[in-house]
Amino acid sequence: MGSSPGRGRSKRAHFLRAALPYLALTALGSGPAAAQGLTPDLFNPNRGGFVSTDTLPTRRTAGVPQAPSDALPALPDPNADLRKRQQTPATSRVGQVPTYGLPAANGASSSGYDSLNRKRQQPKLYPGQPKPKRPAGPGSPPPPTTPVTTLGAPRIAPPPSETAHKTPVAPAMAGSVPGQPLRRRLKLDEDPFGAVGDYAGSFLIKGGLELSTGYDTNPARLNKPVGSPVYVVAPDLLVMSDWERHALVADLRGSFSGYTNNMPATINGFASPSPVEIDRPDFTGHIDGRIDVDRDLKLTSQLRLRLATDNPGSPNVQAGLQKYPVYAAYGTTVGFDQTFNRFQVAAGATVDRTAYTDSRLTDGSVFSNGDRDFNQYGGVGRFSYDLKPGLKPFVEIQGDTRVHDQAADRNGYFRDSNGGYAKVGSSFEFSRILTGEISVGYSARSYTDPRLSQLSGFLTTGSLIWNASGLTTVKFFTDTQIAETTVAGSSGVLVRTYSAEVDHDFRRWLTAVGKFTYGTLDYQGQNRNDKTYSLESNLIYKLNRNVWIKGTLRHDILDSNQAGSSSQGTVVMLGVRLQN
């Protein structure tokens with residue numbers, strides 16, 4: 001086996017070769033060598049912490065300018081806080097409530113949540129700036145519009161539907177001038193072409209005058225029509241008080257229908273059932289007053305007046321008249337209105353009088369109508385209960401006595417009587433869409449003359465208004481009355497009327513009105529029954545609030561079970577209404 005060099009000499013050779021360069025460098029250095037001592041600066045992690053700032057090779061020297069970045073910041077003194085605490089006397093913490101963390105609502109601004117429910121400081125507004133609305137709560141939908149940035153307060157742009165097809169207005173009127181405060185929105189005018197009226201002190205006065213002319217194919221409602229041109233003058237006046245307490249309202253409406261042609265005095269050799277002069281006045285007026293004694297007690301009163309004539313075609317019209325006799329029905333009611341929580345009691349005493357003028361005949365004689373004059377004394381009471389908002393049922397009872405100026409009429413019948421009615425119903429208001437009142441009941445009247453049977457029958461009264469849409473309104477009216485008559489053997493007339501009306505606005509300035517009326521006249525004791533039908537249409541063109549133009553077309557039908565008493569007539573009118 002061969003031999004190999006010794007391992008010990010090989011290791012020594014490598015060591016010597018590595019140590020020779022170090023020995024050469026040591027021999028060249030002439031300064032003495034010293035070991036580094038362990039100081040606290042060796043454990044300072046800051047910049048320059050291993051070497052004192054006074055011995056730094058890059059320290060600033062006098063007279064040599066250096067860049068600001070070369071300057072080192074002063075090192076903090078670790079014993080400064082200790083010396084400050086030693087110089088400041090400590091405060092006692094006995095009785096003090098310790099505070100931990102941040103105070104409530106810290107950084108919540110003026111709209112954040114504050115658990116202590118403290119009052120927020122309200123922002124200051126400049127003069128004329130509208131008060132901002134409170135922010136919507138959680139879950140509220142975002143507003144449909146976007147804010148428009150302008151000078152001053154932020155504005156909200158209206159949706160396109162509110163500005164489409166609208167007459168442009170000046171920016172100052174619209175309130176869109178930059179920096180101008182927002183204009184308050186005006187209240188919606190339900191009747192933009194209605195009368196505005198004038199104030200006289202604390203009273204609002206509205207007046208109007210309607211002038212119209214046309215043609216009536218049968219103004220006297222004869223079996224064989226005889227036509228005549230016609231003109232109508234119809235004034236009206238409405239006065240309302242504007243008081244915080246109490247109230248006074250006067251509603252006066254009248255009309256005069258004049259005909260240029262006279263009716264024939266005789267028909268087939270007999271006296272005509274119609275007057276020769278058929279001009280007819282009509283007036284209805286009442287003045288209502290209310291005194292508020294306190295919150296629950298009110299004193300009420302009314303003065304009323306009605307001027308009219310018998311209806312054309314009525315059997316109460318005498319044959320051979322020169323013109324219609326006019327009657328006046330006037331009276332008063334004095335009562336009270338007391339409220340007990342939801343229960344309400346209204347009662348009043350009534351006094352009325354009906355008086356007729358004398359009849360002038362075609363032969364020049366005068367016939368007295370004193371047997372038709374009478375006084376009526378009575379009372380009425382109404383008890384209602386506010387069941388819930390919009391529904392108020394009631395019970396109404398009325399009784400009266402009629403005393404004629406003459407004990408017997410022209411046919412020898414004693415027509416003094418006692419009567420009344422009782423009815424139940426309700427007034428209601430359902431979200432302003434359907435409002436009104438309706439009732440049903442029974443009426444009866446007994447006469448002193450045993451030859452006159454008791455006049456009785458079922459009665460209905462009501463007034464309903466249905467706002468079908470913003471442009472269409474439907475109205476329904478019904479009424480029942482007991483009227484006096486001069487027909488021999490008949491105790492009276494039970495009159496029932498039913499009417500329906502539809503108003504539609506094609507535009508706010510163009511309105512069409514359609515009306516249908518049905519009525520029955522039951523002459524009890526004579527087996528006479530008359531039925532009336534009326535179809536009417538109106539077209540109203542409103543130029544402005546003060547001037548309206550109105551056209552009317554009406555067709556009337558009287559259907560009677562008595563031979564020769566039926567009739568028909570058509571009326572065409574065109575007129576203008578002036579109002580303020």
Task: Filter result (assigned to a strand (DSSP E or B) and open to solvent by less than 30 Å² (accessible area, probe 1.4 Å)) within region 474-493 - done: 478, 480, 492, 493
- [ ] Test residue 324 against the criterion of being among the aromatic types (Phe, Trp, Tyr), under 14 Å from residue 275 (Cα atoms) and out of contact with any Phe, Trp or Tyr (no Cβ under 9 Å at 6 or more places or on another chain), and give yes or no.
- [x] yes
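Looking at region 395-434 only, could you name the residues that are more than 26 Å from residue 379 (Cβ to Cβ) and part of a strand (DSSP E or B)? Talk me through it step by step, then tell me what you get.
The first filter runs over region 395-434 and keeps only residues more than 26 Å from residue 379 (Cβ to Cβ), leaving 408-413, 428-434.
Across region 395-434, the qualifying residues are 408, 428, 429, 430, 434.
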- [ ] Sort out which residues of region 287-314 are out of contact with any Asp or Glu (no Cβ under 9 Å at 6 or more places or on another chain), part of a loop (DSSP other than H, G, I, E, B) and under 30 Å from residue 356 (Cβ atoms), and write them in order of number.
- [x] 310, 311, 312
Task: Residues located in region 227-262, provided they are part of a loop (DSSP other than H, G, I, E, B) and either touching a strand residue (DSSP E or B) at 6+ places or on another chain (Cβ under 7 Å) or at positive phi (or both) - done: 227, 242, 245, 246, 260, 261, 262
- [ ] Kindly establish whether residue 302 is modelled with pLDDT of 95 or more, farther than 16 Å from residue 369 by Cβ and surrounded by fewer than 17 Cβ atoms within 10 Å (Cβ to Cβ).
- [x] no
TODO: Kindly list, by first and then second residue, each pair from a residue in region 274-294 that is touching a residue at least 60 places away in the same chain (Cβ under 8 Å) to a residue that is open to solvent by 60 Å² or more (accessible area, probe 1.4 Å) and among the β-branched types (Val, Ile, Thr), limited to pairs with Cβ atoms under 7 Å and residues at least 6 apart or on different chains.
DONE: 276/362
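In the list 511, 552, 570, 517, which residue meets the criterion of being of a type in the set (Val, Ile, Thr) and under 30 Å from residue 457 (Cα atoms)? Don't jump to the end; show me each part of the working.
Working: 511 fails: under 30 Å from residue 457 (Cα atoms); 552 fails: under 30 Å from residue 457 (Cα atoms); 570 fails: under 30 Å from residue 457 (Cα atoms).
That would be 517, the only listed residue that is of a type in the set (Val, Ile, Thr) and under 30 Å from residue 457 (Cα atoms).
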Open item on the list: Being out of contact with any strand residue (DSSP E or B) (no Cβ under 6 Å at 6 or more places or on another chain) and either on the phi < 0 side of the Ramachandran plot or open to solvent by 20 Å² or more (accessible area, probe 1.4 Å) (or both) is the requirement here; does residue 451 meet it?
Closed with: yes
- [ ] Looking only at region 377-398, count how many residues are open to solvent by less than 30 Å² (accessible area, probe 1.4 Å) and under 14 Å from residue 417 (Cβ atoms).
- [x] 1
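Across region 540-555, which residue is nearest to residue 196 (Cα to Cα) among those that are open to solvent by 30 Å² or more (accessible area, probe 1.4 Å), assigned to a strand (DSSP E or B) and not β-branched (Val, Ile, Thr)? Give the steps one after another, and end with the answer.
Step one: filter region 540-555 for residues open to solvent by 30 Å² or more (accessible area, probe 1.4 Å), giving 541, 543-550, 553-555.
Next, from what is left, pick out any that are assigned to a strand (DSSP E or B): 541, 547-550, 553-555.
From the residues that got through so far, the ones that are not β-branched (Val, Ile, Thr) too are 541, 548, 550, 553-555.
Working: 541: 18, 548: 14, 550: 19, 553: 28, 554: 30, 555: 33 Å.
Here the answer is 548.
The values are calculated or read from the model by the stated rules, or taken from the named source; none is laboratory data. In this text the structure is predicted, and so the values were computed from the model without any measurement. When we count neighbours, we look across all protein chains shown, and the Cβ atoms used for this are built from the backbone with ideal geometry, even at glycine. For the accessible areas, the whole protein counts, side chains as well, though only heavy atoms, and no ligand, DNA or RNA atoms are used. Shrake-Rupley method; radii C 1.70, N 1.55, O 1.52, S 1.80 Å.
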